[in-house]
Amino acid sequence: MISLPGPLVTNLLRFLFLGLSALAPPSRAELQLHLPANQLQAVEGGEVVLPAWYTLHAEVSSAQPGEVPFVMWFFKDKEKEDQVLSYINGVTTSKPGVSLVYSMPSRNLSLRLEGLQEKDSGPYSCSVNVQDKNGQASGHSIKTLELNVLVPPAPPSCRLQGVPRVGANVTLSCQSPRSKPAVQYQWDRQLPSFQTFFAPVLDVIRGSLSLTNLSSSMAGVYVCKAHNEVGTAQCNVTLEVSTGPGAAVVAGAVVGTLVGLGLLAGVVLLYHRRGKALEEPANDIKEDAIAPRTLPWPKSSDTISKNGTLSSVTSARALRPPHGPPRPGALTPTPSLSSQALPSPRLPTTDGANPQPVSPIPGGVSSSGLSRMGAVPVMVPAQSQAGSLV
């Protein structure tokens with residue numbers, strides 16, 4: 001079985017209709033097809049009936065016995081013409097949502113369209129060819145009507161533009177994304193009291209409402225209605241007028257305060273780190289550092305001389321150099337260095353006797369004088385003649 005493209009089938013059927021009308025002997029009856037002259041309108045999502053019927057001149061409108069109509073309906077969009085329904089030899093073929101209002105055979109050829117969409121708008125053509133019971137063509141006719149599918153407004157969206165505070169200006173906007181024909185807008189205040197607005201504060205085409213020099217009494221619920229001839233949709237926005245500073249001012253103050261605190265914390269941290277950095281070098285002990293040339297007051301210095309064995313231990317008190325010129329009759333102490341040591345006096349030893357401690361007074365200085373100069377008395381152990389400690 002060979003399948004033919006839709007447009008080719010449509011043209012063949014048209015040729016068949018015209019051929020039957022031209023080849024069959026003419027009948028005394030004249031066929032007239034009736035369609036509305038005015039444009040039909042319907043609403044998207046609904047249904048519509050395209051009325052069509054035919055008559056034979058000088059005969060009643062009801063179908064005669066043996067009368068056979070051949071009916072075809074076409075829809076032409078911007079690109080091509082499609083067949084939406086056909087009734088040939090008692091068989092009806094149609095697209096989804098398309099049907100004949102009356103059962104065939106009938107002289108009423110009205111077409112029903114369901115589930116309409118905006119794209120269904122356009123011209124519809126009805127073609128009919130009628131034969132009598134003897135197979136003679138009673139006539140052929142084709143007429144066209146126009147269908148316009150309207151679209152109610154889609155729910156609009158309401159927005160508030162501006163900062164609603166006392167003395168400021170704001171704009172309420174309303175926009176419906178889809179409608180046919182184009183919508184017009186109306187703004188009303190519902191609460192706390194009803195108020196309607198007109199031009200020039202209201203733009204019915206763009207859907208904007210301008211409110212200037214706001215006051216607390218202008219607060220409330222504002223409703224926008226988008227409407228055309230087939231429907232209405234609405235949205236609302238609540239206007240709250242504040243008396244304090246605007247949100248931008250508050251935000252700026254908060255940001256400024258945070259930035260100021262951050263800078264202050266940075267300065268304090270920097271100062272603390274700088275002071276710590278200055279203290280650390282003074283406390284560092286370097287291995288290769290040279291000791292400062294100062295004359296300390298050591299409490300005591302021990303000099304250990306080694307000659308195979310420990311020979312002597314001497315303690316002395318270092319003396320500070322006097323400040324200023326020396327006074328007459330005063331003694332000038334000399335500092336004790338590690339290379340110098342007081343001589344250790346020889347202590348007499350006796351066999352079997354314990355050594356007695358002796359407090360030598362070097363240089364003829366009295367013990368009280370040495371105490372005033374900071375000398376510390378020490379015990380010197382006894383030594384043998386060989387120099388070893390006993």
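The values are calculated or read from the model by the stated rules, or taken from the named source; none is laboratory data. Note that this is a predicted model, so its numbers are computed, not measured. Every residue, glycine among them, receives a Cβ derived from its backbone with ideal geometry; neighbour counts consider all protein chains shown. We work out accessible area using only protein heavy atoms, side chains counted, and drop any ligands, DNA or RNA first. Shrake-Rupley method; radii C 1.70, N 1.55, O 1.52, S 1.80 Å.
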(request) Identify, among P164, Q175, W187, the residue whose Cα sits farthest towards the positive end of the charge dipole of the range 153-209, taking +1 on the Cβ of Lys and Arg and -1 on the Cβ of Asp and Glu, with the dipole about the Cα centre. (result) Q175
(request) With a Förster radius of 22 Å, plug the Cβ-Cβ distance of K133 and S103 into 1/(1 + (r/R0)^6) and report the FRET value to the nearest 0.05. (result) 0.70
(request) Would you kindly derive the ³J(HN,Hα) couplings of the range 137-153 from the backbone phi angles with the Karplus curve 6.51 cos²θ - 1.76 cosθ + 1.60 (θ = phi - 60°), listing them in order in whole Hz, with x for Gly and Pro? (result) 6, 8, x, 9, 8, 9, 9, 10, 10, 10, 10, 10, 8, 8, 10, x, x
(message) With every protein chain kept in place and ligands, DNA and RNA left out, what is the accessible area per residue of the range 30-150? Probe 1.4 Å, answer in Å².
(response) 50 Å²
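For the range 30-150, which whole percent of the accessible surface, found with a 1.4 angstrom probe, sits on carbon and sulfur atoms? Could you put the intermediate results ahead of the total?
Values: 2810 of 6040 Å².
With neighbouring chains kept in place, the figure for the range 30-150 is 46 percent.
Identify the chymotrypsin sites (Phe, Trp or Tyr not before Pro) of the range 191-260 meeting these criteria: DSSP loop state and at most 12 other C-beta atoms within 10 Å of the C-beta.
Numbers: sites: F194, F197, F198, Y222; in loops: F194, F197, F198.
Hits after loop and neighbour filter: F194, F198.
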(message) Please list, by residue number, everything in the range 149-164 whose backbone N is under 19 Å from a paramagnetic label point 7 Å out along Cα→Cβ of Q190.
(response) 153-160
(message) At R0 = 41 Å, how high is the FRET efficiency between E81 and V163 if r is their beta carbon distance? Nearest 0.05 is fine.
(response) 0.10
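Go ahead and run the numbers for FRET between F198 and N148, Cβ-Cβ distance against an R0 of 45 Å, rounding to 0.05. Numbers along the way, then the final one.
Numbers: r = 31 Å, r/R0 = 0.69.
Working from the Cβ atoms, E equals 0.90.
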